[in-house]
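Novice: Before I ask anything, here is the structure I am working with.
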């Protein structure tokens, strides 16, 4: 900034040899006395030091010299007035730059400092340089801070001190020195002023650090260029990027004053790299606990391996949030699954280990395992190539033996599996456009409190959230919408899974999941599935329906409350048990299903909403409450709401206890399910033994194991019409299927009774 250059303003006064009539002996105003013809002033045509110059004899206590030209005073402009002076003879005096401030109305602006620092002339012939800076701002280094009232000034110098001395004065110079004040006037500092080169090769880290230290509340400007930063750096000041940065993969950029995605995108000139660097900084203990994408859409061409971009982070447990944006997956080979087939041996005595794994070097950690005897969502948690062993996320149910297995490694937008542990990480208000090419999140092997809320996931290729270990402890999913990539695929042909959980205490709330092959599968206990809508229907007629919510552990201690369960089945299994036959401990129990809406549309009549599927013999249900739900079938009735899947084994009906099916509502269900069940029996003719048939009502085809009450409705009479007052007794578990009760009277009787029968024991 220089008004002499930019605006063509003439600042330097006319030289003395152009005439002393332009130089005032007073304040420089029009009409004031000049030095033209003055007895104490003369031009010297050729001084040895100054060339043409002015010689003055001091005759007044303060002898003034003012240029009568009007030098403009502009806000934000700083002028330096310079004079070179030497004593020639006589008494030695002092010299100072001086001025006279004038308003736009050509009146003097009073109350201002109008003189600069004084310089003493101490010997003859010694040249002294006298300077003063004038400007609108009272900044450090400004001698005359005049504010904005003056429009112009008359500048020159004063001779003070003893009279009688003779001095010579070189032509005065007035120059714009605003550049000297730019660092303080502007709200930024330039990294180039601190030695940054910007050639992409020279390490400019020290220059950036120095600029940050000097910023003092101002921003840092990174002008055009490529600036190599060789190691991690924390910058506290806000940063404006025109140029871009080049950094090693492991080097962390922590922009504490500008910690948001748009700034990182400017810093690296590459949105994909910016997302990685921002995430790297987020996991690097910056001053922020969230990285704001600021509503931006980011094109992502490859998975983000978090361990690879954060090589110095193995575990992280501080709360961190990635928020507010859209990630759009660009399909390409980087998203292709890796598929390996290998033979492996399994010993149920070492339930989490595969041994003798062929081709193990090519088996990816985190791969889904499929094959005979393998449950759903079993993954490679770790491998030891030297030992030929694989650590499993869950045991296999198929028993000991050697088998061929397939290992399929999905590709995720955010893959945390390379970290040892991750806790308290949140994805918030992000839309994931997977475009049928990518899965979304692969959790770390351990950790807790991973949180995903207010997110949209569109067309994930294989999975939304995968847990290959126990990083799903206390997993929380709130208010999300997950729409599969298999919308037009018949339900039985789908392969996608929305999420799986291996640990305890998941909370899935107010989330919509549409047309996945399997919506949720849970191991562990303490899960709360509340207020969600998951829909797995299709456009087929008389269609089959598949499990949507699966509990893969017997004793779950979980609640399914207030959900809309649409065209799918709640399935309860023990498929992660390496010895699935019941031995000791708990069998199926601890499940509460309350206040849900169940719907089937266009499905086969044999489809149900509940299925208990024991993978071994001897199991039973000992704690289940199904209350206050609505069951409705559209476009065709179904037979009943529940069943036992006997693919591997049936249940032990003699050990059923604490099962409640009551206060439910049924629409287009041919046979309601109730326990305990109220049954009314009428004997039109006198009989000593009455049979009470509760078979159709009892859950899971259970036995009639207990009678809670028996009440006569009106009088019970004998064949002669006389009242029978003796108390009958009952026999339970009667009939071929043990699902009937017989009532025994002391004599043949007829009449009506109400009986409440249970297929379990209440405790």
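Novice: Those residues that are within 24 Å of the chain's Cα centre (by Cα), crowded, with 18+ Cβ neighbours inside 10 Å and within 21 Å of residue 422 (Cα to Cα), I need them from region 481-531; list them, please.
Specialist: 498, 499, 500, 501, 502, 503, 504, 505, 506, 508, 527 - these are the residues of region 481-531 that are within 24 Å of the chain's Cα centre (by Cα), crowded, with 18+ Cβ neighbours inside 10 Å and within 21 Å of residue 422 (Cα to Cα).
Novice: Sticking with this one: Need pairs with beta-carbon distance below 6 Å; first residue at positive phi and within region 612-633, second in a loop (DSSP other than H, G, I, E, B); sequence gap 6+ or separate chains.
Specialist: 618/581; 618/582; 618/652; 623/658; 628/595; 628/663
Novice: Tell me which residues, restricted to region 580-600, are under 19 Å from residue 518 (Cβ atoms) and part of a strand (DSSP E or B).
Specialist: The first filter runs over region 580-600 and keeps only residues under 19 Å from residue 518 (Cβ atoms), leaving 591, 593, 596, 598-600.
Once the filter is applied, which keeps residues that are under 19 Å from residue 518 (Cβ atoms) and part of a strand (DSSP E or B), region 580-600 yields 591, 593, 598, 599, 600.
Novice: Given the conditions (1) in contact (Cβ under 8 Å) with a residue 60 or more places away in the chain; (2) assigned by TED's automatic domain parsing to the domain that holds residue 360; (3) more than 18 Å from residue 475 (Cα to Cα), report the number of the one that residue 392 does not fulfil.
Specialist: (1)
Novice: If you check residue 419 against the conditions, is it touching a helix residue (DSSP H, G or I) at 6+ places or on another chain (Cβ under 6 Å), over 30 Å from residue 579 (Cβ atoms) and either without any contact (Cβ under 8 Å) to a residue 60 or more places away in the chain or surrounded by 16 or more Cβ atoms within 10 Å (Cβ to Cβ) (or both)? Before the answer, list the steps.
Specialist: Details: touching a helix residue (DSSP H, G or I) at 6+ places or on another chain (Cβ under 6 Å): yes; over 30 Å from residue 579 (Cβ atoms): yes; either without any contact (Cβ under 8 Å) to a residue 60 or more places away in the chain or surrounded by 16 or more Cβ atoms within 10 Å (Cβ to Cβ) (or both): yes.
The answer is yes for residue 419.
Okay, residues lined up against (1) buried (at least 22 other Cβ atoms within 10 Å of the Cβ); (2) at pLDDT 95 or above; (3) touching a helix residue (DSSP H, G or I) at 6+ places or on another chain (Cβ under 7 Å); (4) assigned by TED's automatic domain parsing to the domain that holds residue 581:
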residue	(1), (2), (3), (4)
274	yes, yes, yes, no
319	no, yes, no, no
330	no, yes, no, no
349	no, yes, no, no
354	yes, yes, no, no
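Novice: Which one of 90, 116, 99 is over 60 Å from the mean Cα position of the chain (by Cα) and within 20 Å of residue 173 (Cβ to Cβ)? If you could, list the steps in order and put the result at the bottom.
Specialist: Details: 90 fails: within 20 Å of residue 173 (Cβ to Cβ); 116 fails: over 60 Å from the mean Cα position of the chain (by Cα).
After applying the criteria, what remains is 99.
Novice: How about region 722-740: which of its residues are crowded, with 17+ Cβ neighbours inside 10 Å and over 17 Å from residue 675 (Cα atoms)?
Specialist: 724, 728, 730, 734
Novice: I would also like to ask the following. Is at least one residue of region 48-66 under 60 Å from the mean Cα position of the chain (by Cα) and in the same structural domain as residue 153 (by TED's automatic domain parsing)? Before you say what the answer is, go through the steps one by one.
Specialist: So the first thing to find is which residues in region 48-66 are under 60 Å from the mean Cα position of the chain (by Cα), and the list is none.
No, because not a single residue in region 48-66 is under 60 Å from the mean Cα position of the chain (by Cα) and in the same structural domain as residue 153 (by TED's automatic domain parsing).
Novice: Only one of these conditions is not met by residue 129: (1) under 30 Å from residue 179 (Cα atoms); (2) in a strand (DSSP E or B); (3) touching a residue at least 60 places away in the same chain (Cβ under 8 Å). Which number is it?
Specialist: With (1) under 30 Å from residue 179 (Cα atoms); (2) in a strand (DSSP E or B); (3) touching a residue at least 60 places away in the same chain (Cβ under 8 Å) applied to residue 129, the lone miss is (3).
Novice: Give region 140-154 a look and list any residue that's in a strand (DSSP E or B) and touching a residue at least 60 places away in the same chain (Cβ under 8 Å), or say none. Write out each step before concluding.
Specialist: To start, the set of residues in region 140-154 that are in a strand (DSSP E or B) comprises 144-145, 152-154.
Listed by number, the residues that qualify are 152, 153, 154.
Novice: A follow-up question, please. For residue 323, which of the numbered conditions (1) modelled with pLDDT of 95 or more; (2) under 16 Å from the mean Cα position of the chain (by Cα); (3) under 24 Å from residue 242 (Cα atoms) fails to hold?
Specialist: Condition (3) is where residue 323 drops out.
Novice: To continue, here is another question. Return the only residue of 219, 149, 206 being within 20 Å of residue 264 (Cα to Cα) and either in the same structural domain as residue 35 (by TED's automatic domain parsing) or surrounded by 15 or more Cβ atoms within 10 Å (Cβ to Cβ) (or both).
Specialist: Numbers: 149 fails: within 20 Å of residue 264 (Cα to Cα); 206 fails: either in the same structural domain as residue 35 (by TED's automatic domain parsing) or surrounded by 15 or more Cβ atoms within 10 Å (Cβ to Cβ) (or both).
Exactly one residue qualifies, and that residue is 219.
Novice: Touching a strand residue (DSSP E or B) at 6+ places or on another chain (Cβ under 7 Å) and modelled with pLDDT of 95 or more, is that true of residue 693?
Specialist: Details: touching a strand residue (DSSP E or B) at 6+ places or on another chain (Cβ under 7 Å): yes; modelled with pLDDT of 95 or more: yes.
Yes, satisfied.
Novice: Whether any residue in region 72-80 is loosely packed, with under 15 Cβ neighbours inside 10 Å, touching a residue at least 24 places away in the same chain (Cβ under 8 Å) and part of a strand (DSSP E or B) is what I want to check. Walk me through how you get there before you give the answer.
Specialist: Going through region 72-80, the residues loosely packed, with under 15 Cβ neighbours inside 10 Å turn out to be 75-76.
Within this subset, residues satisfying the condition of being touching a residue at least 24 places away in the same chain (Cβ under 8 Å) are 75-76.
Remaining after also requiring part of a strand (DSSP E or B): none.
Taking every residue of region 72-80 in turn, none turns out to be loosely packed, with under 15 Cβ neighbours inside 10 Å, touching a residue at least 24 places away in the same chain (Cβ under 8 Å) and part of a strand (DSSP E or B).
Novice: Can you say whether residue 207 is outside any loop (DSSP other than H, G, I, E, B), free of Cβ contacts under 8 Å to residues at least 12 places away in the same chain and either under 39 Å from the mean Cα position of the chain (by Cα) or within 30 Å of residue 90 (Cα to Cα) (or both), as far as the supplied structure shows?
Specialist: Numbers: outside any loop (DSSP other than H, G, I, E, B): yes; free of Cβ contacts under 8 Å to residues at least 12 places away in the same chain: no; either under 39 Å from the mean Cα position of the chain (by Cα) or within 30 Å of residue 90 (Cα to Cα) (or both): yes.
No, not satisfied.
Novice: Within region 146-159, how many residues are farther than 21 Å from residue 55 by Cα and at pLDDT 90 or above? Lay out the reasoning, then the answer.
Specialist: Residues of region 146-159 farther than 21 Å from residue 55 by Cα: 146-153.
Add one more test, that the residue is at pLDDT 90 or above, and what stays is 146, 150-153.
Adding up the residues that qualify gives 5.
Novice: While we're here: Restricting attention to region 449-480, report how many residues are in a strand (DSSP E or B) and under 20 Å from the mean Cα position of the chain (by Cα). Write out each step before concluding.
Specialist: Our first condition is that a residue be in a strand (DSSP E or B); within region 449-480, this holds for 451-453, 456-458, 463-466, 470-473, 476-478.
Cutting the leftovers down to under 20 Å from the mean Cα position of the chain (by Cα) gives us 451-453, 456-458, 463-466, 471-473, 476-478.
Going through region 449-480 one residue at a time, the tally reaches 16.
Novice: Further, regarding this structure: Taking the condition under 41 Å from the mean Cα position of the chain (by Cα), more than 30 Å from residue 345 (Cα to Cα) and surrounded by fewer than 24 Cβ atoms within 10 Å (Cβ to Cβ), does residue 593 pass? Before you say what the answer is, go through the steps one by one.
Specialist: On the way: under 41 Å from the mean Cα position of the chain (by Cα): yes; more than 30 Å from residue 345 (Cα to Cα): yes; surrounded by fewer than 24 Cβ atoms within 10 Å (Cβ to Cβ): no.
Here the answer is no, as residue 593 does not meet what is asked.
Novice: Taking residue 143 as the residue in question, decide whether it is under 60 Å from the mean Cα position of the chain (by Cα) and more than 30 Å from residue 263 (Cβ to Cβ).
Specialist: Working: under 60 Å from the mean Cα position of the chain (by Cα): yes; more than 30 Å from residue 263 (Cβ to Cβ): yes.
Yes.
The values are calculated or read from the model by the stated rules, or taken from the named source; none is laboratory data. Only a predicted model underlies this, so the values are computations on that prediction, with no experimental measurement involved. Every residue, glycine among them, receives a Cβ derived from its backbone with ideal geometry; neighbour counts consider all protein chains shown.
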